[in-house]
Amino acid sequence: MHDITVVDLSRWQFATTALYHFLFVPLTLGLSFMLAAMETVYVTTGKQIYRDMAQFWGKLFLINFALGVATGLTMEFEFGTNWSFYSSFVGDIFGAPLAIEGLMAFFLEATFVGLMVFGWDRMRRGQHLAVTYMVAFGSNLSALWILIANSFMQAPEGAHFNPVTMRMELSSFSQLIFSHDAQAKFVHTSIAGYVTGAIFVAGISAWYMLRNRHTELARRSFRMAVLFGVLSTAGVITLGDALGFVGGQAQPTKLAAMEGLWKSEPAPMPFNLVAFPSQKDQVNHADVQVPYALSLLVTHSMDGTVPGFDKLEQQAVERIRNGIPAVEALQTLSSKPGDADALAQFRAHEKDLGFGFLVQRYSEDVSKATDAEISKAARDTIPQVAPIFWSFRAMVAMGLAMLAFFVLGVIYSLRNRIERKRWFLKFSVLMIPVPFLASEAGWLVAELGRQPWTVYQLLPTWMSASTHSVGYMIFSLAGFVGLYTMFIIAEMYLMVRAIRKGPEPPHAGDSDWDSGPVLGNSVTGQAEG
Amino acid sequence: MEIYGVFQVIWWLLLGVLLVGLAVMVGMDMGVGTILRYVGRTDLERRVALNIIGPHWEGNQVWFVLGGGAVFAAFPLIYATAFSGFYVVMLLLLWSMILRPLGFEYRSKLPSAAWRSTWDWALFVSGLVPMVVFGAAFGNLFEGVPFHFSWNLTSTYTGSFLGLLNSFAILCGLLSASLSVFMGSVAVMNGGEGVIYERSRTLARVSSVLAMVLFAAGGFWVHSMQGYVLTNGPGAGVPQTPMQQVVTLTDGAWFANFHAHGLLWLLPALGFAGMLLGLLATGARRSHMAWWLGALAWIGVIGTAGVALFPFLLPSSSVPAQSLTVWNSSSSQLTLTWMVGFALVFVPLIVWYTSWAFYVMRGKVSAEHVAADEHSY
C-alpha cells in the first residue's frame with residue numbers, strides 16, 4: 001500500500017525538478033532559432049555585425065543550455081526512480097517517444113552544439129550555418145517528442161489495457177503521435193519558447209541601448225527580436241485557444257477548474273473573469289462575470305455548454321461503481337491468467353478501470369468499498385481549483401501583455417524611434433522574466449489540472465509513485481533543492497556577468513563596431529580616439 | 001521462435017549496443033574528468049585536457065540519456081524496477097552527472113583559482129562516481145537484487161543502500177572505472193602533446209593492467225557464485241508477467257551459456273585482447289589504435305556480462321521466481337517493432353554525424369589556441 005506522504009513528496013520533487021528544468025528549455029527553443037536567423041543574415045549579406053550577434057547571443061545561449069541539459073538528465077530517469085508503477089504500467093507507450101527523442105533529436109542538438117561553439121574556424125560559412133540550424137531543429141524536435149509523451153498523460157490515445165501483461169500497451173503508433181492534444185500542445189509550447197527568446201534578446205538589447213553601449217548590435221538585435229516576437233506571441237495565443245478547445249473536450253475536469261465552474265449552467269455560459277474559488281464549499285466568492293463569454297471561448301459557439309463539477313462528480317461516482325468489477329477481475333486474472341469468466345467481467349467494465357483504481361486508495365479490497373468511500377474517491381476527481389484558475393489567468397494576462405509589448409516594440413523599432421523611447425526600453429528590461437513565468441504558469445495549469453491522475457482517467461497519481469520511505473524522499477528532495485539552488489546562483493551570476501561584459505571586441509577593420517564604456521573597465525569615461 | 005521473441009532478442013542486442021556506446025563515449029569523457037587533476041598540474045594544462053573532449057562531450061552524453069530512454073521503451077519493467085530499487089545509487093549517479101555540464105561550461109568562465117579548482121573536483125567526482133556506479137550496478141545483477149511484486153506489479157525493494165555497495169559490486173565498479181580511465185587517457189594522448197601526453201600515457205598503461213586483473217578476478221568470483229537458472233516459464237515470445245516462472249539457483253550457473261555455446265568464449269577473449277593490445281599500443285605510442293582497442297575491450301566486457309546473465313536482466317534475490325528476464329520485462333511486439341525501426345534508421349545516422357564532428361575537430365589541441373580562443377572551456 002502506498003504511503004500518501006511519499007506520493008505527495010514525490011509530486012513535490014517532480015514538480016520542482018520539472019518546473020526548474022523548464023526555466024531553461026524555452027530559451028533554448030527560441031534562442032536557437034534566433035541564432036540561426038542572425039547567422040543566416042551573416043552568411044547571405046556577409047556583414048560582420050551579424051556574426052558578432054550570433055556569437056554574442058550564442059555565448060548566453062550556452063550558459064542557459066548547460067543547465068537545461070543537466071536538469072534534463074534528471075527528468076529522463078525520474079519516472080523510473082520515483083514513478084515506478086507509472087513507468088511499468090504505461091512504459092510500453094510512454095517510453096517510446098522518450099527514446100525517439102534521444103535518437104532523433106537530442107543527439108542531433110547535442111552533437112552539433114559542440115561544433116557550433118568550437119567550429120567557427122574549422123568549417124565553411126555555409127557548413128557552420130547548417131550546424132546552427134541542426135541545433136535549432138534538434139532542440140525543437142526534442143520538444144516535440146517530449147510533448148507527445150506528455151499529451152499521452154493528458155489525453156491518452158492509441159493504447160489499450162492488456163490483462164495478460166497487466167499493463168497498458170500501444171495499439172496505434174500514429175494515434176499516439178498525431179493526437180490532437182499533442183499537436184496543439186507542441187506548437188503552443190515551442191512557440192512560447194520563441195516568445196521567450198525574443199523577449200530575452202529584446203530586453204538585454206534595450207539594456208545596452210539605455211547605457212549607450214554596443215548600440216549597433218543592440219538596435220539590430222532588438223528589431224529582429226520584436227519582429228520574431230510579435231509573430232510568435234500571436235501564434236502562442238491562437239494555439240493556446242486551440243489547445244483550450246481540444247484539451248477542454250478531452251479533460252472536462254481541467255477545463256472546469258480553469259474556469260471555476262462548480263455548477264453546470266445552460267448556454268450561453270458566462271465567463272468568470274475574477275473569482276475566489278473555495279474548494280471546501282464548492283463555490284466562487286466575489287466573482288466578476290462576463291456574460292456569454294465562456295460558451296464562445298471554449299466551444300466557439302453561443303449555444304455550447306461544458307459541464308460543471310456538480311455533473312462531473314456525479315459521473316465519477318457512476319464510473320467508480322462500474323470500474324470496481326474491472327479491478328476485481330484483474331485481481332483474479334493475476335493469480336489465474338486466462339480465467340474466462342474474469343476476462344469477460346474485465347471486458348465489460350474495462351473503460352472505467354482507472355476509476356476502480358481511484359477507490360482502491362480508500363479500500364484496498366474494492367469489493368468492500370462503501371458508499372462513503374466511493375463518494376470520497378469521486379470528490380478526488382476535482383483538482384485543486386484555485387491554483388489552476390489563477391495560474392490560467394496569470395498566463396493569459398502575461399500573454400496579452402507580451403503581445404501589446406511586441407506590437408509597440410515593432411512600431412517604435414521600424415520607425416527608428418526606439419532609442420528615444422527610454423521608458424519603453426526600461427519597460428523592455430522589466431519584461432524579461434515575464435515569458436518564463438508565463439511558461440511555468442502554463443505547466444501548472446496543465447499538470448495540476450490533470451490531477452488526481454497521472455494518465456487522465458486511466459491511472460491515479462496515488463498508485464503511480466515508487467514505494468520509497470519518507471526518509472528517502474526527504475533526502476532526495478532536499479538534495480535536489482540544495483544542488484539546484486547552487487546551480488541557479490552560479491548560472492545567474494555568469495549570465496549577468498556575460499551580459500555586463502558584452503560582446504567581445506571586434507576583429508580588426510570592422511567598421512560596424514561602436515565602442516561604449518565598459519563596466520569595471522579602467523578606461524571608462526576616457527575619451528577615445 | 002515467435003517473431004515477438006526475435007524482436008525481444010534484437011532489443012536485447014540493441015541494449016548491448018547502447019551500453020557499449022555509453023561506456024565507450026561517456027566513459028571516455030568521464031575518464032578525462034577522473035584524471036584531470038593528475039594529468040593537468042597547471043590551469044592551462046587542465047584546460048587543454050578539457051578542450052580535447054570539449055566539442056564532443058555534450059553529444060557523447062546523449063548515449064546516457066538514450067540508454068535511459070531505450071530501457072524505458074523496450075524494457076519498461078526493468079526501467080521501473082531497477083531505477084526505483086537502486087534509488088540512492090541512482091541519485092548519486094544523477095547528482096554527480098549533472099555536475100558535469102556545469103563543470104565544462106562554467107569552469108573557465110571566471111578567472112578565480114578557487115572557482116576553477118572547485119569545478120575540477122566536481123569534474124573528478126562526476127567522472128569517477130558514475131563509472132563506479134555503472135559497474136557496481138552490473139555487479140549487483142550477478143548477485144541478484146532484493147525486490148518483489150504485488151498482484152498488480154507494483155515493485156517493492158527490500159534491500160538497503162549499502163547492500164548495493166558490496167565487495168563484488170565494487171570490484172565491477174573499479175573495472176568499469178579502470179576502462180574509463182584508459183579511454184580517457186588515450187583520448188588525451190590523441191589530442192594532447194608534451195607533458196599531458198606523457199602523464200596520460202602512464203595512466204593508460206596502469207589502467208589497462210588494472211582492468212585485466214579486475215576482469216580476471218571478476219571471472220573467478222562469478223564462477224564460485226550461485227547463478228540463476230530459468231527452469232520453467234512461458235518462455236520467449238509469449239506475453240507474460242514475472243509471476244509465471246520457476247527459477248532455481250545453482251553454483252556456477254552464470255557460466256552455463258558459455259558451456260552450452262563454446263563460441264561465446266570469444267567475448268571474454270575479446271575483452272582481454274583489447275586490454276592487452278591496448279597496453280602494447282600505448283607503449284608504442286599508437287594512441288588512436290589504443291582507443292579502438294579500448295572500445296573492443298568494452299564490447300568484450302559488456303558482451304561477457306550480458307551473455308552470462310541471459311536471459312536474465314534483473315534477478316531477484318528475495319523472490320527468485322519473480323526475476324526479470326528478456327521475456328517477461330520487454331515491451332509489446334508493436335512497440336518493439338516500431339523502436340527497432342527507429343533504431344535502425346537513427347543509430348547509423350548518429351554514428352555518421354558523430355564521426356563527422358570528430359573529423360571536423362580532428363588534430364591536436366594546443367595550449368596557445370586554448371589560451372587565445374574565447375570559446376574554449
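None of A:Leu60, A:Leu73 is touching a Leu at 6+ places or on another chain (Cβ under 8 Å), free of Cβ contacts under 8 Å to residues at least 12 places away in the same chain and within 12 Å of chain B (Cβ to nearest Cβ) except A:Leu73. Checking each residue in the stretch B:351-364 for being farther than 21 Å from A:Ala66 by Cα and open to solvent by less than 30 Å² (accessible area, probe 1.4 Å) picks out B:Tyr353, B:Val360. Scanning the stretch A:249-270 for residues that are assigned to a helix (DSSP H, G or I), open to solvent by 30 Å² or more (accessible area, probe 1.4 Å) and in contact with a Leu (Cβ under 9 Å, 6 or more places away or on another chain) returns A:Gln249, A:Pro252.
Of everything in the stretch A:372-414, what is aromatic (Phe, Trp, Tyr), more than 17 Å from A:Gly308 (Cβ to Cβ) and under 27 Å from the mean Cα position of the chain (by Cα)? Give them in sequence order. I'd like the intermediate steps shown before the answer.
Kept after step one, since they are aromatic (Phe, Trp, Tyr), are these residues of the stretch A:372-414: A:389-390, A:392, A:405-406, A:412.
From the residues that got through so far, the ones that are more than 17 Å from A:Gly308 (Cβ to Cβ) too are A:390, A:405-406, A:412.
Those that are aromatic (Phe, Trp, Tyr), more than 17 Å from A:Gly308 (Cβ to Cβ) and under 27 Å from the mean Cα position of the chain (by Cα): A:Trp390, A:Phe405, A:Phe406.
Filtering the stretch A:211-233 down to residues that are open to solvent by less than 30 Å² (accessible area, probe 1.4 Å) and not small (Gly, Ala, Ser), which residue is nearest to A:Leu29 (Cα to Cα)?
So the first thing to find is which residues in the stretch A:211-233 are open to solvent by less than 30 Å² (accessible area, probe 1.4 Å), and the list is A:213-215, A:217-218, A:221-222, A:225-226, A:229, A:232-233.
From what's left, not small (Gly, Ala, Ser): A:213-215, A:217, A:222, A:226, A:233.
Details: A:Arg213: 27, A:His214: 25, A:Thr215: 26, A:Leu217: 22, A:Phe222: 18, A:Val226: 16, A:Thr233: 14 Å.
The qualifying residue nearest to A:Leu29 (Cα to Cα) is A:Thr233.
Listed by position, the helices (runs of 4 or more DSSP H) contained in the stretch B:20-79 that have at least 3 residues being touching a residue at least 12 places away in the same chain (Cβ under 8 Å), more than 18 Å from B:Phe342 (Cβ to Cβ) and more than 20 Å from the chain's Cα centre (by Cα) are B:27-39, B:43-53.
Run B:Glu143 past the list (1) open to solvent by 20 Å² or more (accessible area, probe 1.4 Å); (2) within 17 Å of the chain's Cα centre (by Cα); (3) more than 13 Å from every other protein chain (Cβ to nearest Cβ) and report the number of the one that doesn't hold. Of (1) open to solvent by 20 Å² or more (accessible area, probe 1.4 Å); (2) within 17 Å of the chain's Cα centre (by Cα); (3) more than 13 Å from every other protein chain (Cβ to nearest Cβ), only one is false for B:Glu143: (2). Any idea which of (1) open to solvent by 10 Å² or more (accessible area, probe 1.4 Å); (2) more than 10 Å from every other protein chain (Cβ to nearest Cβ) is the one B:Asp120 doesn't satisfy? It fails just one condition, (1). Based on what the data block shows, is A:Ser174 within 14 Å of chain B (Cβ to nearest Cβ), part of a helix (DSSP H, G or I), of a type in the set (S, T, N, Q) and open to solvent by less than 50 Å² (accessible area, probe 1.4 Å)? So A:Ser174 fails the test. Here A:Arg11 meets the list (1) of a type in the set (D, E, K, R); (2) open to solvent by less than 30 Å² (accessible area, probe 1.4 Å); (3) under 21 Å from the mean Cα position of the chain (by Cα) almost entirely, failing just condition (2).
Would you check if there is a residue in the stretch B:87-103 being more than 7 Å from chain A (Cβ to nearest Cβ), open to solvent by 20 Å² or more (accessible area, probe 1.4 Å) and of a type in the set (Lys, Arg)? The answer is no; no qualifying residue exists.
Looking at the structure I just gave you, is A:Leu273 part of a helix (DSSP H, G or I) and either hydroxyl-bearing (Ser, Thr, Tyr) or surrounded by fewer than 21 Cβ atoms within 10 Å (Cβ to Cβ) (or both)? For A:Leu273, the condition - part of a helix (DSSP H, G or I) and either hydroxyl-bearing (Ser, Thr, Tyr) or surrounded by fewer than 21 Cβ atoms within 10 Å (Cβ to Cβ) (or both) - is not met. Set side by side, the residues A:Ala99, A:Ala54 differ, and just one is without any contact (Cβ under 8 Å) to a residue 24 or more places away in the chain, touching a helix residue (DSSP H, G or I) at 6+ places or on another chain (Cβ under 7 Å), in the same structural domain as A:Val481 (by TED's automatic domain parsing) and buried (at least 24 other Cβ atoms within 10 Å of the Cβ), which is A:Ala99. On the basis of being more than 10 Å from every other protein chain (Cβ to nearest Cβ), in contact with a Cys (Cβ under 8 Å, 6 or more places away or on another chain) and modelled with pLDDT of 90 or more, does B:Phe138 make the cut? Judged against the criteria, B:Phe138 is a match. Counting only residues that are in contact with a His (Cβ under 7 Å, 6 or more places away or on another chain) and closer than 16 Å to A:Ala438 by Cα, which one in the stretch A:227-260 is modelled with the lowest pLDDT? Filtering the stretch A:227-260 for residues that are in contact with a His (Cβ under 7 Å, 6 or more places away or on another chain) and closer than 16 Å to A:Ala438 by Cα, the one modelled with the lowest pLDDT comes out as A:Leu243. Scanning the stretch A:430-461 for residues that are open to solvent by 20 Å² or more (accessible area, probe 1.4 Å) and either free of Cβ contacts under 8 Å to residues at least 40 places away in the same chain or farther than 15 Å from A:Ala15 by Cβ (or both) turns up A:Leu430, A:Ile432, A:Pro433, A:Val434, A:Phe436, A:Leu437, A:Gln457, A:Leu458.
At pLDDT below 90 and more than 27 Å from A:Ala192 (Cα to Cα): does that describe A:Trp83?
Details: at pLDDT below 90: no; more than 27 Å from A:Ala192 (Cα to Cα): yes.
Against the criterion (at pLDDT below 90 and more than 27 Å from A:Ala192 (Cα to Cα)), A:Trp83 does not qualify.
For the stretch B:211-317, no strands (runs of 3 or more DSSP E) sit wholly inside it while including 2 or more residues that are in contact with an Asp or Glu (Cβ under 6 Å, 6 or more places away or on another chain) and open to solvent by less than 70 Å² (accessible area, probe 1.4 Å). The residues listed here are A:Gly95, A:Gly126, A:Gly119, A:Gly91; of these, the one that is more than 24 Å from the chain's Cα centre (by Cα) and within 8 Å of chain B (Cβ to nearest Cβ) is A:Gly119.
Can you find a residue that is touching a Gly at 6+ places or on another chain (Cβ under 8 Å) and either surrounded by 15 or more Cβ atoms within 10 Å (Cβ to Cβ) or not assigned by TED's automatic domain parsing to the domain that holds A:Leu458 (or both) anywhere in the stretch A:239-248? Let's see the steps before the verdict.
First, pick out the residues of the stretch A:239-248 that are touching a Gly at 6+ places or on another chain (Cβ under 8 Å): A:240.
Pick out the ones that are also either surrounded by 15 or more Cβ atoms within 10 Å (Cβ to Cβ) or not assigned by TED's automatic domain parsing to the domain that holds A:Leu458 (or both) and you get A:240.
Yes: one or more hits.
Is it true that some residue in the stretch B:1-21 is over 27 Å from A:Gly138 (Cα atoms) and touching a Leu at 6+ places or on another chain (Cβ under 6 Å)? Taking every residue of the stretch B:1-21 in turn, at least one turns out to be over 27 Å from A:Gly138 (Cα atoms) and touching a Leu at 6+ places or on another chain (Cβ under 6 Å).
The values are calculated or read from the model by the stated rules, or taken from the named source; none is laboratory data. All values reported here derive from a predicted model rather than from experimental measurement. All Cβ positions, glycine included, derive from the backbone under ideal geometry; neighbour counts span all protein chains shown. Side chains included, ligands, DNA and RNA excluded: accessible areas come from the protein's heavy atoms. Shrake-Rupley method; radii C 1.70, N 1.55, O 1.52, S 1.80 Å.
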